[in-house]
Amino acid sequence: MAVGFTTALSAIFPAAADPFVNKAIAIGIITVLSIINLFGVNIMAYLNNISTIAKMIPMVIFVIGGLFFLKGSNFTPFLKDGMNMNSISAAVITVFYAFTGFENVGVAAGDMENPKKNVPKALIISMSIVSVIYFLIQFNCIGTLGTNLSGTSTPVADAMGTFLGNKGALLVTLVSIAGLNICGSFNTPRCAQALADGGLLPKTLSKCNRRKVPYVAVFITGMLAVLLTLTGSFTELAAISVISRFS
């Protein structure tokens, strides 16, 4: 998501589109969040709670506000010229990526009250709500951008920009995607720690500092994230993520 942040940022600040600047910003995000992670679960939980609430605000603005700027002609024909199974398959992979992350609800199960009851309930409720939001976001993107949708790598920012200007696009970029980075920086090393505790990864990854943070896992997952950041675009990395999750 660090690459996703810089990709969206480049739509507002062209200088961020420069490959060197783009990668430098992404690596900086990973580094800063990894360092913050080392200070304990409380500060990360605090940041995550704030970002969760904050990133929902621009989504609600977009979902409601975008309904007033829809153009019926953008929905016809339903299947555009040039669409084939290859393009549909590529789109499905990217859409699947949008529905990853729900499995991370179980990462914090050990700190929940009655997880046997609450984890399934949380999964069903959150996926239902998010599915509706995703549908409305895509609906608004098609209705506001039309055929221009296929030519942009930052559809939500561009669609919001049609009725809120650059400030609307900036809202999506700096708040929504930044929140996903915070969440990912917390969950990833703890997933590695859980795998190490279960004997599926080296036990070294489960070593914790005095604040009970798996510092080895934070360092290694952070380094791996940096290496992945250098290998491709957001679309390519999203496809890699989907395939690895299936594997």
Qualifying positions in the range 229-247 - closer than 19 Å to A24 by Cβ and of a type in the set (G, A, S): G232, S233
Residues being surrounded by fewer than 13 Cβ atoms within 10 Å (Cβ to Cβ) and more than 15 Å from the chain's Cα centre (by Cα) - total across the range 224-237: 3
Helices (runs of 4 or more DSSP H) (entirely within the range 9-100) containing at least 3 residues that are open to solvent by 80 Å² or more (accessible area, probe 1.4 Å) and at pLDDT 80 or above: 19-37, 41-65
Test for T144: is it in contact with a Ser or Thr (Cβ under 7 Å, 6 or more places away or on another chain), at pLDDT below 80, assigned to a helix (DSSP H, G or I) and of a type in the set (S, T, Y): no
Within the range 202-247, tally of residues that are in contact with a Pro (Cβ under 6 Å, 6 or more places away or on another chain) and touching a residue at least 24 places away in the same chain (Cβ under 8 Å): 4
Sole residue being touching a residue at least 24 places away in the same chain (Cβ under 8 Å) and either of a type outside the set (S, T, Y) or over 27 Å from I12 (Cβ atoms) (or both), chosen from I177, I129: I177
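The values are calculated or read from the model by the stated rules, or taken from the named source; none is laboratory data. As the structure is a computational prediction, the values presented were derived from the model and not from experiment. No Cβ is skipped: glycine too gets one built from the backbone with ideal geometry, and neighbour counts run over all protein chains shown. Note: areas computed on protein heavy atoms with side chains; ligands, DNA, RNA excluded. Shrake-Rupley method; radii C 1.70, N 1.55, O 1.52, S 1.80 Å.
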